[in-house]
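Worksheet: one structure, shown below.
Just so it is clear, none of the values below were taken in a lab; they were calculated from the coordinates. Quantities reported herein were computed from a predicted structural model and do not represent experimental measurements. Here Cβ is always computed from backbone atoms with ideal geometry, including for glycine, and neighbour counts include all displayed protein chains.
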Amino acid sequence: MLNQYSRTQLLFGKEGMEKLWNSRVAVFGIGGVGGYTVEALVRSGIGAIDIIDDDKVCLTNINRQIYATRKTVGKYKVDVAEERIAEINPNIKVEKHKTFFTPETADSFDFTQYDYVVDAIDTVTGKIELAVKANKAGVPIISSMGAGNKLDPTAFEVADLYKTSVCPLAKVMRRELKKRDIKALKVVYSKEEPISPQEDEEISCRSNCICPPGTARKCTARRQVPGSNAFVPSVVGLIIAGEVIKDLLAFK
């Protein structure tokens with residue numbers, strides 16, 4: 001019978017679609033990268049998805065985040081995502097977690113429940129802990145490296161962490177995961193040298209913070225607020241979603 005996944009089934013077959021529908025994927029971080037990953041996964045036929053993010057939509061997110069619109073500013077990203085997922089397919093099982101993933105909150109999650117884990121968060125300690133937990137549970141994971149301050153979406157590639165170069169975040173991850181005896185990690189990264197964002201006090205978050213009331217982690221806490229655009233994080237998110245789908249189906 002014709003359905004919303006019919007075109008996808010032409011590629012993956014009926015058994016493939018059943019496999020996706022019976023899979024549960026956890027996406028940690030649903031901002032510029034993770035939001036597009038979630039979007040592609042639910043449109044591809046994933047039957048259960050966990051979305052993890054404690055952040056609220058900010059006006060400055062509108063330039064790159066799929067859940068950010070004028071109407072959603074100030075709302076929790078996971079709440080907006082849940083509504084959008086229901087509009088795509090109300091039968092998808094959604095578990096939302098208003099949680100900032102850190103080593104301190106990691107034990108709140110049972111990684112053995114997941115068929116795949118997506119790391120789209122932007123803190124090094126959190127990314128390291130995700131890799132450790134997934135490795136311990138024997139669950140496949142893919143991790144997004146730095147997407148901020150980049151301009152070339154065609155430069156991103158999929159590789160093992162230990163075969164990456166140039167990316168500063170990947171360098172830190174290599175060092176830290178080697179200490180923890182993690183021998184492999186699938187990542188999406190770019191060899192493009194990050195550019196330095198221009199200093200402009202008129203649009204600086206440090207002097208013009210507009211974070212919604214109750215925001216627990218303001219971007220002003222960062223040493224440097226990265227520049228971003230609409231076309232790099234989205235591409236990274238879609239690449240990640242593609243890798244998840246292909247891996248779940250053992251599709252080469």
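So here's what we get for this one:
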| item | result |
| --- | --- |
| Helix-only CD estimate at 222 nm, as mean residue ellipticity for the chain, using -39500 (n - 2.57) per DSSP H run (n ≥ 4) | -10500 deg cm²/dmol |
| Additional length obtainable on full extension of the chain from Ser108 to Leu151, 0.36 nm per residue less Cα span | 11.9 nm |
| Relative contact order (%) - region 96-146, alpha-carbon pairs under 8 angstrom, separation at least six | 42 percent |
| Approximate spin-label separation Asn91-Tyr5, in nm, with each point projected 7 Å along Cα-to-Cβ | 0.8 nm |
| The chain: most fluctuating residue of Glu104, Glu199, Glu157 per GNM, C-alpha cutoff 10 Å | Glu199 |
| Restraint check, Lys136/Lys178; Lys56/Lys171; Lys98/Lys133; Lys93/Lys186, Cα-Cα greater than 23 Å | Lys56/Lys171; Lys93/Lys186 |
| Rounded to whole Å, sorted largest first: equivalent-ellipsoid semi-axes of the chain, Cα gyration tensor | 28, 22, 18 |
| Neighbour-count order for Arg180, Arg43, fewest beta carbons within 10 angstrom listed first | Arg180, Arg43 |
| Least to most buried among Leu59, Leu10 (fewest other Cβ within 10 Å first) | Leu10, Leu59 |
| Placed amide H near Glu95: partners under 5 Å, 5+ positions off or other chain | Ile49, Asp50, Ile51 |
| For Ile51, Ile128, order by how many other beta-carbon atoms lie within 10 Å, fewest first | Ile128, Ile51 |
| Derived scalar couplings ³J(HN,Hα) [region 61-73; Karplus, 6.51 cos²θ - 1.76 cosθ + 1.60; whole Hz; x for Gly, Pro] | 7, 4, 5, 8, 9, 5, 8, 8, 9, 4, 6, 9, 4 |
